[in-house]
Amino acid sequence: MRRLLPLVPLALFLGLAGWFAAALLSGRDPRELPSALIDKPAPEFDLPSLAEGRRLSSEALRGQVVVVNFFASWCAPCRVEHPLLLRLARQEKVRVIGIAYKDRPEDSRRFLAELGDPYLATGIDRDGRTGIDFGLYGVPETYVIDKAGHIRRRIVGPVTPAMLDRELLPLLRALERS
Amino acid sequence: MFIELGHFALALALFLALIQSVVPLVGAARRLSGWMSVGRTAAIGQFAMVAVSFAALTHAYVTSDFSVSNVLENSHSAKPMLYKISGVWGNHEGSMLLWILILSLCGAAVAVFGDNLPRELRARVLAVQGMVAAGFLLFILATSNPFTRVIPAPADGHGLNPVLQDPGLAFHPPFLYLGYVGSSVAFAFAVAALIEGRVDAAWARWVRPWALVSWCALTVGIALGSWWAYYTLGWGGWWFWDPVENASLLPWLSGTALIHSAIVVERRDTMKSWTILLALLTFGLALVGTFLVRSGVLSSVHAFAVDPARGVFILGLLVLAIGGSLTLYALRAPAMQGGGLFAPISREGALVLNNLLLATATGTVLLGTLYPLFMDAFGLKISVGPPFYNRTFLPLMTPLLIAMAIGPLLAWKRGDMVAALQRLWVAFGLAVLVVLVGLWLSGFRAVLAILGLGLAAWIAAGVLAEWGERVRLFRVPLRDSWRRAAGLPRAAYGMSLAHFGIGVMVAGISASAFEQERIEALRAGDRIEIAGYTLILREVRRVPGPNYIADEAVVEVLRGGAVIDTMRPQRRLFTVQRQTTAVTAIRTGLSADLYLALGEGDAEAGWVIRAWHKPIVSWIWLGALVMALGGVVSLTDRRWRVGVAARKPAGPAGAQPAAAE
């Protein structure tokens, strides 16, 4: 046993190196996050709302173009994109729905009180179930859902100003007209 | 012309590195003194060649030679000179060249300053350094050549990523690389010791200064990077547990363990095989970090351009260097059982605890960093964020920090815990006082943060108590205390400073729970109230820069009705890249930072201004600097320069004066 102990670091390292090799040779690009859900119906959800005593369900959103934004108070990039969400909601009059991912409701409330609340309604996804249904990679993550309730666009990571102007707004306007 | 010369010099450096990795090794095995001394010449020559090569690339950047594809892609004629130079290492190829420059500098330094090393050891260390250098030179020449030409040369370059055009970032990579690459020296010493099959107190005494240099540089490098993130990214955070940040933290954690465990080898001739393993792992983690950043297996805001060939190559280097050295370790380590026995409550015991906790923390951060990669193999995309680290890393650090004040008060071999704690009662009282006052002032909110402040007080007061103990403060006349204080070894002051720095940093981190934040859309004349300050937006105006145009907000800062300052946060639009960056305005002070960032907006709707008041946030970086300073003071200890001429056969170094360390 004592003689085998010095072999442990080597064995662990070789395992790790093998894993690295597999990850490298699989040819996957970690930044490319295809959603299996594009043009498919958005997952159903029915969550308690940040507003006491109310609920937020996918049923209630049917027939409208909505932007669903997963966020959390502990997430730094969420703070970066937040002014853009405010602009989307207040200046562009887009219906933005928030889902607080794995966050304590009081923290989410404080976050929104601090930075401003762009959301028409905010669901509490305390255990991350809804996040799993959407195939969430991390927060922030943003989905565009059309009137028929289909996911049309997925944005992983913070929305950037360029993305907002060049992609998101044209798409939203087109969906709104159809 | 210079460019071709640089390319040629790099090829020559590879040639010299290959000689350096073979000839001295054979010489050491066969005791051929001529062969062994080849290592010294080759190491110095290799450094000279890499320096020529680096100078050639820098020259191309300074003169904006856009016929070089690396310059074309990363520079622009309208860029300020500082960023033309820092642009050399603001990209993958150039930063690899800087990495190799520092690597060969370390090799040359061992060659020049290693005159007091036994010849065989020096020859073997230089050979291992040569192997590492050869691997990386081959990597840069084969996959990342910075000297590729573009013909015909375009009129102007693409410019450097605006976020990187910043003085903090200009100096961050050189320090970080010195930290990473400096750990290759401890690695080379460890491999040489494994080849010789001998580790003793003298060996530890040679290794420790090198490990310390690397640790200091890494500390400064990480602090600079964190400070840069704080003042440029414009959202007030300073650490994000991003994979690339973790990649620099990992070797820092294991390097911290190394500089402590090497003390035990030096003083008590035990924990040898563990110390060797730490030296191997510290450099190994630096290499893993390089691999993660440059191969594209993990996604990160810092990641360099991805090329699978590079990933495969670095992985190959990784397997050769770490796999090879760990194989050697598996073969030789069982023969290296240590000498000195010690009780669990003793200086050695405290250092073992330090090492256990630091090693576990390293493992935790490594797991958090690699977990997304593991899950990816099962088709799951996840990210690991601050909640994971808050729950795992902090509980590991807390006992370490508590024990940090006690450890230095314990004697070697067998310590007296009760006596040590008795000497710390003032520190304990102070910590309790800080917690109670803090709880009272905050109205029993943010309890964890206040406990953190109490911990900081405990550490700082513990350091002073330990110093007071050494100089017998208030127990002998002050004059005698003064004489004792002057006679203490520099290494003792180094330790005190470094530990005190940790206390300062812990205070700065804990206080972040008390920051205040306001975000509002302001028109000219509107105001924000924050933490007793009144901020009035006077105007937002257009300001031209050398390679950007900026919107600059002029914000008056009032306190008690009087204007005390004017702050000017900017948003810069870089015309070449069509990219905007925020330039924050920060009033830094020892007691608090006032931090302003300008968001989007216009004269009618108003401009979004984010204001933070962050109590003692600057202590985080100040603490890191004090820690690094402690390392530097320790390096000036005369012990490193004298007294190790002869190598004793293995045995406890008990003859040394007990006051040192």
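Sorted ascending by nearby beta carbons within 10 Å, beginning with the fewest, A:S49, B:S261 become A:S49, B:S261. By the count of neighbouring beta-carbon atoms within 10 Å, fewest first, B:W458, B:W467, B:W425 end up ordered B:W425, B:W467, B:W458.
Shielding of peptide A:77-87 by partners, expressed as the average count of other chain Cβ atoms within 10 Å per residue Cβ, is 4.
Taking every residue in B:274-280 and counting other chain Cβ atoms within 10 Å of its Cβ, the average works out to 1.
Given +1 at the Cβ of Lys and Arg, -1 at the Cβ of Asp and Glu and no other charges, the dipole of chain A around its Cα centre is 220 debye to the nearest 20. Relative contact order of chain B: 12 percent, from C-alpha pairs under 8 Å at least 6 residues apart in sequence. By definition, a body whose alpha carbon gyration tensor gives a ≥ b ≥ c is oblate when a/c is 1.5 or more and a/b is not larger than b/c, and chain B fits this oblate description.
If you sort the three axes of the alpha carbon gyration tensor as a ≥ b ≥ c, you get a/c of 1.5 or more for region B:322-372 and a/b no higher than b/c, which makes it oblate.
Region B:604-638 and region B:138-182 have Cα centres spaced 27 Å apart.
Couplings 3J(HN,Hα) of region A:132-146, computed from phi: 5, 4, 7, x, 5, 8, x, 10, x, 8, 10, 10, 9, 10, 8 Hz, in residue order, whole Hz [Karplus 6.51 cos²θ - 1.76 cosθ + 1.60, θ = phi - 60°; x for Gly and Pro]. Sorting the segments B:129-142, B:522-535, A:115-128 by their residues' average number of neighbouring beta-carbon atoms within 10 angstrom, most packed first, yields B:129-142, A:115-128, B:522-535.
The count of lysine pairs in the protein assembly as shown with alpha-carbon distances below 29 Å, taking only pairs 8 or more places apart or on different chains, stands at 13. For chain A, hydrophobic long helices are taken as DSSP H runs at least 24 Å long by C-alpha position along their axis with mean Kyte-Doolittle hydropathy of 1.6 or more; these are A:7-25.
What is the magnitude of the charge dipole of region B:1-165 about its Cα centre, with +1 placed on the Cβ of each Lys and Arg, -1 on the Cβ of each Asp and Glu, and no other charges, expressed in debye to the nearest 20?
Charge dipole, region B:1-165, about its Cα centre: 620 debye, nearest 20.
For the protein assembly as shown, the antiparallel share of DSSP beta bridges with both residues in that region comes to about 85%. By the gyration tensor of its Cα atoms, with a ≥ b ≥ c the square roots of the eigenvalues, what is the shape of region A:48-145: rounded for a/c under 1.5, prolate for a/b over b/c, or oblate? Cα axes put region A:48-145 in the rounded bin.
With both labels modelled 7 Å from their Cα along Cα-to-Cβ, the B:T534 to B:R30 distance reads 8.6 nm. Toward the positive end of the charge dipole of the protein assembly as shown, about the Cα centre and with charges on Cβ (Lys, Arg +1; Asp, Glu -1), which of B:T270, B:L72, B:L590 goes farthest? Value computed over the given set: B:T270. Helical content alone sets the calculated 222 nm signal of chain B at -21000 deg cm²/dmol, taking -39,500 (n - 2.57) per DSSP H segment of four or more residues and averaging over every residue.
All other residues with a Cβ under 15 Å from the Cβ of B:A170 taken together, and with Lys, Arg as +1 and Asp, Glu as -1, what is their net charge?
Values: positive: B:K79, B:K84; negative: B:D166.
Net charge around B:A170: +1.
Normalising the average separation of contacting C-alpha pairs (under 8 angstrom, six or more residues apart) by the number of residues puts the relative contact order of region B:516-615 at 27 percent. Positive-end ranking of A:I99, A:V80, A:H150 along the dipole of chain A, with charges on Cβ about the Cα centre, is headed by A:V80.
Dipole of region B:516-615 computed with +1 at Lys/Arg Cβ and -1 at Asp/Glu Cβ about the Cα centre; of B:V557, B:A603, B:P544, farthest Cα towards the positive end is B:P544. Sorted ascending by nearby beta carbons within 10 Å, beginning with the fewest, B:F147, B:F428, B:F474 become B:F474, B:F428, B:F147.
Between region B:469-501 and region B:23-75, the C-alpha centres lie 45 angstrom from each other. Shielding of peptide A:12-25 by partners, expressed as the average count of other chain Cβ atoms within 10 Å per residue Cβ, is 6.
Quick note: the coordinates plus some simple rules give every number you see, no bench work behind them. Because the structure is a prediction, the values reported are computed rather than measured. Cβ: placed from backbone, ideal geometry, glycine included. Neighbour counts: every protein chain shown.
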